[in-house]
Amino acid sequence: MGVGTAGTMVTPPAALSGGVLNGKATSLPVPEYPAVAKAAHASGSVTVNVIIDEDGNVVSAFSASGHPLLQAAAVAAARQAKFAPTKLSGQPVRVSGVLVYTFVEQ
């Protein structure tokens, strides 16, 4: 936060909601299937909430749902994803959304 005119506090703009962002990534690393998850026959989808900064980098990622043995791998992959900067009225903005990773037992 910064200080505006007359000493009022200025809060940074909220992140623009982008929904499911898988198709908008310029680079979307595939998560590694954890050995312990394979041994436990864990599979399914993991949803990761992300915030992307004005430069297209993931600055926050945390799992919202999915098998507990798969969540850490999905979050690690999400942190490495890259996006083209999103602009609103010509200005780069932060974007919040989700990435969904599906783990299928082989």
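The values are calculated or read from the model by the stated rules, or taken from the named source; none is laboratory data. Treat the numbers as computed from the prediction; the structure is a model and nothing was measured. Note that we place each Cβ from the backbone using ideal geometry, even for glycine, and neighbour counts take in every protein chain shown.
Among the residues of the stretch 23-43, what is the count of those that are closer than 24 Å to Lys82 by Cβ and either loosely packed, with under 14 Cβ neighbours inside 10 Å or out of contact with any strand residue (DSSP E or B) (no Cβ under 7 Å at 6 or more places or on another chain) (or both)? The qualifying residues number 8. Kindly evaluate Leu99 against the criterion of being in a strand (DSSP E or B) and out of contact with any Pro (no Cβ under 6 Å at 6 or more places or on another chain). The answer is yes for Leu99.
Does any residue of the stretch 69-87 turn out to be part of a loop (DSSP other than H, G, I, E, B), touching a residue at least 12 places away in the same chain (Cβ under 8 Å), more than 18 Å from Asn22 (Cα to Cα) and out of contact with any Phe, Trp or Tyr (no Cβ under 9 Å at 6 or more places or on another chain)? Among the residues of the stretch 69-87, not one is part of a loop (DSSP other than H, G, I, E, B), touching a residue at least 12 places away in the same chain (Cβ under 8 Å), more than 18 Å from Asn22 (Cα to Cα) and out of contact with any Phe, Trp or Tyr (no Cβ under 9 Å at 6 or more places or on another chain), which makes the answer no.
One residue stands out among those in the stretch 1-22 that are crowded, with 16+ Cβ neighbours inside 10 Å and part of a loop (DSSP other than H, G, I, E, B): the one that is modelled with the highest pLDDT, which is Leu21. Of all residues in the stretch 44-61, which are surrounded by 14 or more Cβ atoms within 10 Å (Cβ to Cβ) and free of Cβ contacts under 8 Å to residues at least 40 places away in the same chain? If the condition is that a residue be surrounded by 14 or more Cβ atoms within 10 Å (Cβ to Cβ) and free of Cβ contacts under 8 Å to residues at least 40 places away in the same chain, then Gly56, Asn57, Val58, Ser60, Ala61 are the ones that fit. Restricting attention to the stretch 88-106 and to residues that are in contact (Cβ under 8 Å) with a residue 12 or more places away in the chain and farther than 19 Å from Pro34 by Cβ, the residue that is surrounded by the fewest Cβ atoms within 10 Å (Cβ to Cβ) turns out to be Leu88.
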